[in-house]
1. Let me spell it out: the conditions are (1) open to solvent by 30 Å² or more (accessible area, probe 1.4 Å); (2) within 14 Å of chain B (Cβ to nearest Cβ), and A:Pro164 meets all of them except one. Which number is the exception?
2. For the stretch B:525-547, give me the residue count where each residue is closer than 30 Å to B:Leu37 by Cβ and either part of a loop (DSSP other than H, G, I, E, B) or free of Cβ contacts under 8 Å to residues at least 12 places away in the same chain (or both).
3. Could you list, in sequence order, the residues of the stretch A:510-538 that are open to solvent by less than 30 Å² (accessible area, probe 1.4 Å), of a type in the set (D, E, K, R) and farther than 17 Å from A:Ala218 by Cβ?
4. Among all residue pairs at least 6 apart or on different chains, which show Cβ distances below 6 Å where the first residue, located in the stretch A:604-633, is assigned to a helix (DSSP H, G or I) and the second is surrounded by fewer than 20 Cβ atoms within 10 Å (Cβ to Cβ)?
5. Just to be sure, is A:Thr342 of a type in the set (S, T, N, Q) and open to solvent by less than 50 Å² (accessible area, probe 1.4 Å)?
6. Checking A:Thr295 against (1) open to solvent by less than 50 Å² (accessible area, probe 1.4 Å); (2) more than 14 Å from chain B (Cβ to nearest Cβ), which single condition isn't satisfied?
7. Can you confirm whether the stretch B:30-47 contains a residue that is modelled with pLDDT under 95 and outside the structural domain of B:Ala399 (by TED's automatic domain parsing)?
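The values are calculated or read from the model by the stated rules, or taken from the named source; none is laboratory data. Predicted model only: the values in this text are computed from it and were never measured. Don't worry about glycine lacking a Cβ; one is built from the backbone with ideal geometry, like all the others, and counts go over all protein chains shown. The accessibility values were calculated without ligands, DNA or RNA, using every heavy atom of the protein model including side chains. Shrake-Rupley method; radii C 1.70, N 1.55, O 1.52, S 1.80 Å.
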2 protein chains.
Amino acid sequence: MEPGRAIDGDPDRTPPHLVVSGIAPALRDGRYAVKRLVGDQLRVGADIFTDGHDVLAARVLCRAPGERRPASTPMTYSFEDDRWYATLSLDRPGEWRFMVEGWIDRFATWRGELDKKVGAGQDVGSELLEGADQVREAEPHARGTDHGRLAHYTAVLGDPSADPGVRVSAALSVELQVLMTAHGQPYGVTRSDRRYRVRVDRREAGFAAWYEFFPRSATSDARRHGTFADAEASLPRIAALGFDVVYLPPIHPIGHTHRKGPNNALKAGKGDPGSPWAIGNEHGGHTAVSPELGTLEDFRHFVATARSLGLEVALDYALQCSPDHPWVREHPDWFFIRPDGTIKYAENPPKKYEDIYPINFWCDQREALWDACRDIFLFWIAQGVRTFRVDNPHTKPFAFWEWMIGEVQREHPDTVFLAEAFTRPKRMYTLAQLGFTQSYTYFTWRNTAAELAEYLTELSAPETADFFRGNFFANTPDILHEYLQLGGPPAFRTRLLLAGTLSPLYGIYSGFELSENLPVREGSEEYLDSEKYQVRVRDWTAPGNLDPDIARLNQIRRSEPALQSITNLSFHESGHPDVLFYLKGAWGRDLLGAVSLNPREAVEAELAVPLERLGIGENATYEVEDLLTGERLRWKGARQPVRFDPAVRAGYIWRVAGGEGGGG
Amino acid sequence: MEPGRAIDGDPDRTPPHLVVSGIAPALRDGRYAVKRLVGDQLRVGADIFTDGHDVLAARVLCRAPGERRPASTPMTYSFEDDRWYATLSLDRPGEWRFMVEGWIDRFATWRGELDKKVGAGQDVGSELLEGADQVREAEPHARGTDHGRLAHYTAVLGDPSADPGVRVSAALSVELQVLMTAHGQPYGVTRSDRRYRVRVDRREAGFAAWYEFFPRSATSDARRHGTFADAEASLPRIAALGFDVVYLPPIHPIGHTHRKGPNNALKAGKGDPGSPWAIGNEHGGHTAVSPELGTLEDFRHFVATARSLGLEVALDYALQCSPDHPWVREHPDWFFIRPDGTIKYAENPPKKYEDIYPINFWCDQREALWDACRDIFLFWIAQGVRTFRVDNPHTKPFAFWEWMIGEVQREHPDTVFLAEAFTRPKRMYTLAQLGFTQSYTYFTWRNTAAELAEYLTELSAPETADFFRGNFFANTPDILHEYLQLGGPPAFRTRLLLAGTLSPLYGIYSGFELSENLPVREGSEEYLDSEKYQVRVRDWTAPGNLDPDIARLNQIRRSEPALQSITNLSFHESGHPDVLFYLKGAWGRDLLGAVSLNPREAVEAELAVPLERLGIGENATYEVEDLLTGERLRWKGARQPVRFDPAVRAGYIWRVAGGEGGGG
């Protein structure tokens, strides 16, 4: 009976001396990677113990991307929670892998016991000889002076004829301790069962303001299809508003067959541009640009100009084909074939989507297909794109995405994938766990203070934030929420303030700044005259636009660290059901947010300022600065009455300056 | 780029079609086994989903101990929590292993879509041909009539010239559905990453009352060392008290060298019996019995008599040796050798335990040593023993125990291991996770209502109960708590009632029934004249003994299912800080417990009966039976004033009969 055999049924593993478990951070015990950002500190914790009273030591072995060998970081013991900890600096993007290793420090154990026995006046002759053996064993691992000194100590400890006092003080000397720490060999080394993974993304992956627009609408005349050049001309305005990312719906050639007309009409009229999501025609597919928009050269120029303005370009990645897509001719076997040999269009019975062919991800040519899908990413990365908004990932295999994201990020660790998955929670979370950098959320459908507090409490919990980064879009071409339809501009200002302050990642879709809120019909979240099916011209200078609100918000976001994280969020008593009151903490720059969810009438609330959390004494006077107006106020005590008038403003963001006096 | 490659880094795994995760019950994602009892129902849950709208199916594949092939149990979908469930009956002890498997039911998917399309009046000619293909593929998997019927359906569905109405009703017929459920082949089969383990123990492992006593004290004359025969004579009394297990401290030969005298004196006097935990002398070691107690034959007779009285015998397993133990001569290399060649005695500097040699579990002859340790268990199992109380397991390697318990239970699945580990929580929990059937607890040191509620809430939580079974000893030879020292008989009655009603496993150590509570010195938890070092004679008929309380309690425990489980425990408002008020639920036989922790004075409390939990209307009248007196009471409403007089009783256990009327 080989003792090793019982350990996890693995015959090759001899039994571990220590227990090394409870590793954190970890997602499903290492099956998936937790997410962090470049510059973050990673605090690794572990339960490490053994039988008896031996002194233990432990370290984290962590391999950074691009490194051959892991770096070693010593762990320290925390008595309160009986755990070991080490902190690592994550200085580059990519996948980091770490494991935890513990062992018995035999010399420290021996030294500690010797110390106690000497203190108790016991005879330690035998102990000194044991120590001599340990030091002797260390000698071969040391060079030069160290080797000499170890030999010296071996002699002293090992010489029964020498003066006991001399031997004891040598045994307990700091020099010997240092030498043995350097050259003593670890005993009973035990490693964590698995290697744990950390996906580290560049900081923009965790903090950015997105602006979505259709380049074809960058025109002053609805009869003239906008081009990349036109779109380029609109970039300064977007940059001035303080956005970081401009996201374009698909820019590829659009199918003719069953092309949709305005307002999703089954038949397109002559000259109707069609939906950009019906990808592919005689000019090409996912790696081509629509001639109406310009050339690939034009696109690259657009990207370069954006970059010069501090803007990053994000593309849409929608894996579906119009009947005119080149793949349909070249690889009919990548689609679903009907008994009569024709290709199946998309449907969700009894609904039919005849302008789109779904892809058969499990076809016989699966590997060639999956590679081709990957090559689309590589192609656009070669054009300078690093961020992709993935259309409906939950309608494609989960395993496909895990493979795909792994493949692309291995070569291009700074690639960002945003999942547009509006589906049940477990599917959204699974997509985030298997690798999506960011995710759309239910934010759009959370419109009361209670709903928002509940949902944000879930998303800001560290165990969720470890893998899920919500990107809060206030609107999208598919979602014009009733709250905006009925609430008008005040509702828009409210949602803007919420999205931009609750989440480090947020976005709006073009037209939001004009409070566009006409649905195609009552009860629908679709826009009237949706840009998905036609070109739309807008007057950005129209009176009452939200540009000042947006510009100010994005400015504050950039200057306030508290708005660049989500785990620092907590909710507090607002004294009014329509008012959401929250704290976003940051050393020395704590922010308080208070937003009214009532776009129709003014409400008055009495906020309960979390003084203790802010380190302010109960009766202290403290200063807060209204970041939206710059006004400075002196407050005293926790209760603060506040008035919200939708006609004037949606809410407040105060930066709290430390309080004085009244401590406790 | 082979897509499979990215899946968990395993080149052989092709990507899974489905996501199969969130398997429960599971301990550290399958690393350890969860615990259940024979006769329990195991409810397996899993998150199973895929992309798109396909109809899924799933099953649990579970291999029972002794079976070659796993049995298949279909899982059903629960919409509320978006999970799949199946329930298995655990009909035998041993290690059960299960995995979860999900797949796409292509026929059900096709049938559902066809149904919708027909309903929408769409042309389904192509769909019928697809159906024909599916049925044709199933034919080879059917025999006889079924094969014929499938061929028939293939023909009907596949014949464009046949009447559409006929083809559709054939396609949607129940017969075809049944045939395809039986013979259609699963598609995209996906299994859980791991196999999950369930350790199933015989019921006594989870519900039993223990009685510990020293056989050498089963004598009427302290000068005469009790024998197995004497101990046998005391079994009827113990059986009459309603105990299930009699646990004996070590029965092996006791060492002479440095033998301890009464009250742990460093020198034993002539005729002092010594501590049974100093195991081994010239008569043998761990597989011998002390001649003073009798012969192995006598012991087997003792075990047989116990069994005839419905009592099971539990032995102590203490891995340590007196200097006179045979192993010291035969295998000095199994111990720690000092530089002068002598063997190291146990110590915890500056404390010394010269009568005991610790074992070196990592010696060069480790495998022989570990096997010898295992053979001790096998030896006593051969003598009819099935339950072992393991002494200080936390001072031996954790890996040793995981291996040991696995080895023994593989051959003898009904073996019970009780861990006597009073150490930090993670170590206690780890020992339970790696295999110990039961564990000692901190119960002895939880003596206020608040402490008990907090600790029991932790132990009764399903995630804890999945691996940790506390055995609540009210006292042990090592632990006479101050609460008993100061509280006297009332305190004993209180602790007895708490141990026996809060936990399905509890025990007392002989002398408890006489309220023995003299410590060796003030502030010590050691008994005066401890039985560990001398023979003690007792008068079981002494007035005021607790026999009636014990007998009644054990009787109630056996008749009330509510007392045979712990996850059914909840605490409720008692209206007094000294009073613990709790509910133990069982279908139709809910019990309420109320115990005063104040052994000195009477207290009055107003209990808040959890009517809703009991299914009783707010204003209903309901009957409760006082199980300690048999008295029946009619209560109305939630508030019930109760008086506790330590001179009379420690508390109450009421069985609640369903209420009438007033349905709240």
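1. The failed condition is (2).
2. Going through the stretch B:525-547 one residue at a time, the tally reaches 1.
3. Those that are open to solvent by less than 30 Å² (accessible area, probe 1.4 Å), of a type in the set (D, E, K, R) and farther than 17 Å from A:Ala218 by Cβ: none in the stretch A:510-538.
4. A:Leu611/A:Ala638
5. When the stated conditions are applied, A:Thr342 does not pass them.
6. The one condition A:Thr295 does not meet is (1).
7. Taking every residue of the stretch B:30-47 in turn, at least one turns out to be modelled with pLDDT under 95 and outside the structural domain of B:Ala399 (by TED's automatic domain parsing).
The rows are residues; the columns are (1) at pLDDT below 95; (2) within 30 Å of A:Asn264 (Cα to Cα); (3) crowded, with 19+ Cβ neighbours inside 10 Å.
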{"position": "A:Leu553", "(1), (2), (3)": "no, no, yes"}
{"position": "A:Ser559", "(1), (2), (3)": "no, no, no"}
{"position": "A:Leu591", "(1), (2), (3)": "no, no, yes"}
{"position": "A:Glu601", "(1), (2), (3)": "no, no, no"}
{"position": "A:Glu618", "(1), (2), (3)": "yes, no, no"}
